[in-house]
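> My questions will all concern the structure given below.
The values are calculated or read from the model by the stated rules, or taken from the named source; none is laboratory data. What you see is a predicted model; the values in this text were computed from it and never measured. Cβ sites come from the backbone with ideal geometry, for glycine too, and all protein chains shown count toward neighbours. Please note that ligands, DNA and RNA were not included when accessible areas were found on the heavy atoms of the full protein model with its side chains. Shrake-Rupley method; radii C 1.70, N 1.55, O 1.52, S 1.80 Å.
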Amino acid sequence: MIMENGEDKPIKKMMLILSKATIDNVYACFILANGARMEGIESEIFFTFFGLEAIQKKKLEHLHVATVGNPAMHIPTLLGGLPGMEALATKMMKSEMEKLDIPPVGEFLEILAASGTKLWACKLAMDMFHIEEKHLIDDLDGVLTVGDFYVRAQGDNTHLLFI
Amino acid sequence: MTTTEKTYAGVCVTCNEQGYLTNFEQWNKDVGLAIAKEEQIEMTDKHWEVIQFLQEQHKKQVPLSIRKIGKSGVVSIKEFYQLFPKGPLKISSRISGIPKPVSCI
């Protein structure tokens, strides 16, 4: 895009921080990371706090959409809290996504890794939740502190985004 | 949408603002080669295999996505990025003479 002063300043790198594990947040993060690579922009994801669920082998295919405390679901909070509601809403959402050719979480992570998106786990969050590297996906690029992540964000036209 | 006329390999073609051919009928391999040169891509047999796949999908009116490329059996996603590093699907589509894919995936 040409800026007003005539200088061309395209984004070079997207540094995404995923701190949540509801399926809508996880997909927003993955689509942004993948979309960057598709445009020739570098991208990296730092999985922290609940975001770590999205890269735990045993958990990543069982993420849910939140039916409680989510007014956009248009389900009364009391009903949203009933057993099975989250699973039902998630199933419906997943089937809609499949129709749009959006891959499941595990396959999406493989696509991201193959496209060159760097995938990092947050050390502090891993310690807090007692998660070891063996619990995480094989495509993980490593475990970082927030300081390490900032070092990786160096350079012109890098953008950071917290999800 | 504004279109411009451009000449690739001696063929006059109509392009949109982003440089994508607006009429696939105007495409031939030399045109593709000239566009590839503009994109700084050195075309190999593997590149042409991908181009052929994209054109076949376009003819069948199948919307393209990175996931479909990975499942094509023609090229893996990793190889696809190696062939067209600076935005694989959009660059390969441009060389193929087909519209820019609209999918976010």
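> For B:VAL62 and A:THR158, what does the FRET efficiency come to when R0 = 30 Å and r is the distance between their Cβ atoms, rounded to the nearest 0.05? Show your work: numbers first, answer last.
Numbers: r = 36 Å, r/R0 = 1.18.
Plugging the Cβ-Cβ distance into 1/(1 + (r/R0)^6) gives 0.25.
> Oh, and also: Rounded to the nearest 100 Å², what's the accessible area chains A and B bury against each other, both chains counted, probe 1.4 Å?
Summing both sides, the interface buries roughly 1400 Å².
> Still on this model: Could you tell me the calculated FRET efficiency between A:HIS74 and A:ALA28, based on Cβ-Cβ distance and R0 = 22 angstrom, to the nearest 0.05?
Working from the Cβ atoms, E equals 0.70.
> May I ask you to give the percent of accessible area on the protein assembly as shown that is carbon plus sulfur, with a probe radius of 1.4 Å? Walk me through the numbers before you get to the answer.
On the way: 8310 of 14790 Å².
Result for the protein assembly as shown: 56 percent of the exposed heavy-atom area is carbon or sulfur.
> Helix-only estimate, please: 222 nm mean residue ellipticity of the protein assembly as shown, summing -39500 (n - 2.57) across DSSP H runs of length 4 or more and dividing by its residues, to the nearest 500.
Numbers: 11 runs with 105 residues, N = 268.
Dividing the helical sum by the residues of the protein assembly as shown leaves -11500 deg cm²/dmol.
> Largest first and in whole Å, what are the equivalent-ellipsoid semi-axes of region B:4-96 based on the Cα gyration tensor, each being the root of 5 times an eigenvalue? Mind dumping the intermediate values first?
Details: eigenvalues 94, 42, 26 Å².
Semi-axes from the Cα gyration tensor: 22, 14, 11 Å.
> How big, on average over all directions, is the shadow cast by the Cα convex hull of region A:31-126, in nm²? Don't skip to the answer; put the middle values down first.
Working: hull surface 29.7 nm².
If I average the Cα hull's projected area over directions, I get 7.4 nm².
> Here's something else I'd like to know. Based on DSSP loop calls and a cut-off of at most 13 other Cβ atoms within 10 Å, the longest stretch of chain A free of exposed trypsin sites (Lys or Arg not before Pro) is what?
Free of exposed loop sites, the longest segment is A:59-163.
> Mind telling me which of B:LEU21, B:LEU54, B:LEU64 comes out most flexible in a GNM of chain B, alpha-carbon contacts under 10 Å?
Most flexible of the set in this elastic network: B:LEU64.
> Which of rounded, prolate or oblate describes region A:80-146 when judged by the alpha-carbon gyration tensor and an a/c cut-off of 1.5? Could you put the intermediate results ahead of the total?
Working: a/c = 3.28, a/b = 1.40, b/c = 2.34.
Oblate, since a/c reaches 1.5 and b/c is not below a/b.
> Using +1 on the beta carbon of Lys and Arg, -1 on that of Asp and Glu, and nothing else charged, what's the dipole of chain B about the Cα centre, debye to 20?
Value, rounded to 20: 440 debye.
> If I ignore ligands, DNA and RNA and count only protein heavy atoms, how much of A:GLU86 is accessible to a 1.4 Å probe, in Å² to the nearest 10?
Per-residue accessible area (A:GLU86): approximately 70 Å².
> Taking only protein heavy atoms and a 1.4 Å probe, what accessible area per residue, in Å², does chain A have with all protein chains in place? Present the calculation step by step, with values, prior to reporting the outcome.
Working: 9090 Å² over 163 residues.
In whole numbers, chain A has 56 Å² accessible per residue.
> Can you tell me the FRET efficiency between A:LYS134 and B:LYS6 if r is taken as the Cβ-Cβ distance and R0 is 35 Å, rounded to the nearest 0.05?
About 0.05, to the nearest 0.05.
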